[in-house]
Amino acid sequence: MRNNNPPVLAVLFVGVLMGALDIAIVGPALPAIQKQFAGVNERTLAWMFSIYVLFNLVGTPLMAKLSDLYGRRLIYILDVSLFALGSLVVALAPTFTVVLVGRGVQGFGAGGIFPVASAVIGDTFPPEKRGSALGLIGAVFGLAFIIGPVLGGVILSISVWQWLFLINLPIALLVILLSFRTLPSHRLNQTPAFDWAGMLVLSVILASLAYGLNQIDTSRFAASLISLKVLPFLLTPLALLFALVPIERRAENPILPISLFQNQQLRLGYGLTAGAGLGEASLVFMPLLAMAALKGVTEAQASYLLMPVVIAMAIGSPMAGRLLDKHGSRLVILAGTLIFSTGVFVLSQFAGKLAFFVLAGVLIGLGLSALLGAPIRYITLNEVAPSERSAAQGVVAVFTSIGQLTGSAVVGAVAASSGGGIEGYRAAFLVISIMGVLLFGLAFGLKTRPAERSTARNTQSEPTDSTSGAAASALPEE
């Protein structure tokens, strides 16, 4: 498969782009969807995103582990097929409830697309080229958020909202056909028993956490936090963690290998990606700060002020990938955290001047491109054996999502407690800047470039299954 990298990368790129576009393209359709289904208010409509996040979180570790067991190609095709099925259900839905069912199926399938794609890169690219490949895949998200709203507006101007979802079907069919021809796949002669108990407990933990964080009312944070709609759902994951650890220790093939958390490099990576996800979520509040701080800025104009962030991320992600291959993750992440925290600090102090607002956006985008996606996934590919690559990538996605879910609650709470308005949001972004400095300090614990290269060589030569001893029976299908 080494000589087949460009076609592999193209298939992964299109698949990830399809999933990423569906997040960015839905926004323009919300008014039309609300108009079609009677009785759907703004809070109910928000479940278009919430249900997607819930099932995405549950689907990520499941699909990642199934990929390690049954092959990347099979599970990648399954994920893309589920995403297409969910898109069809949404487009044909007679009621809003069925729309939500379709969004749930979409989220469940999309949960595996990015981690499995990252694992495929680990399987098919040598260590010295993985950073560039991951950087290119990471740039997909910035690209999606640039063209998604525009594409959505064009489709809505010439047709009905259902075509925003039906357009996924031919793309998915193309990805599936090309996947059969290009993606690698391996199977185990003796497949260990699947960890259904661990999967069930982990699913409840993630779903409960996502739901509880989603229900927090940031305008009355303290009262909301102790309400019955929030507190039980935040306490449940803490309680179930004590049950999950012994289950995973006993499991023949754990859904969440405890060994991943015994690796210092991986622990640092999970902390960094959660912090980056939290920082990314804070960007949702940038338009609100723009409207409060910049005179005469309308809601539509404020949304456009996010473009410097998105464009910088789209440009910065491939750059970060190439720098990973050349200088390693430690230097890239140190630079990223420093640039990000500087950008957020500029935003918190000088948001009232348009030039500084744009400059802050560029710095934030460049900083996040060196934190989200490629760098942490690069660390993960270097640190784990091939048999755990997809599961480990799934853990990265879970921690990123947890950070994203927490971010909006943190910013909203700080802004509300600081009086709201421009001063409230300035205080919130100052807190995010301080968090960036803490991430900068955390990144000093990462391995140096020589140590990272040595680890990558060792894991590259390890058997395909380091946990169950089944690697000796792992045979390629092709």
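Just so you know, all these numbers are worked out from the coordinates, no wet-lab data involved. Bear in mind the structure is a predicted one, so any value in this text is a computation, not a measurement. Backbone-built Cβ (ideal geometry, glycine too); neighbour counts: all protein chains shown.
Summary table
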quantity: Enclosed volume per residue, in Å³, of the convex hull spanned by Cα atoms of region 54-131; calculated: 84 Å³
quantity: Contact order relative to length of the chain, as percent, for alpha carbon pairs under 8 angstrom and 6 or more apart; calculated: 22 percent
quantity: Theoretical gain in end-to-end length, residue 193 to residue 350 [0.36 nm per residue, Cα-Cα removed]; calculated: 50.8 nm
quantity: Share of alpha-carbon pairs per 10 Å distance bin for the chain, given as whole %; calculated: 4, 20, 31, 29, 13, 3, 0
quantity: Computed E for residue 225/residue 49 - FRET, C-beta separation, R0 22 angstrom, nearest 0.05; calculated: 0.55
quantity: Ordering of 269-278, 219-228, 112-121, 10-19 by packing [mean C-beta count within 10 Å, highest first]; calculated: 112-121, 269-278, 10-19, 219-228
quantity: Radius, Kirkwood style, for region 196-252 when every pair of distinct Cα atoms is counted (Å); calculated: 12.1 Å
quantity: Kirkwood hydrodynamic radius of region 255-464, Cα pairs, Å; calculated: 17.5 Å
quantity: Unit Cα scatterers, Debye sum, region 1-182: log10 I(q)/I(0) for q = 0.19 Å⁻¹; calculated: -1.25
quantity: Long-range tail of P(r) for region 116-179 (Cα pairs > 17 Å, %); calculated: 60 percent
quantity: Extension gain, residue 326 back to residue 239 (0.36 nm per residue minus Cα-Cα distance, nm); calculated: 27.0 nm
quantity: Mean Kyte hydropathy of 1.6 or more with a Cα span along the axis of at least 24 Å, helices from DSSP in the chain; calculated: 5-26, 72-92, 196-214, 421-443
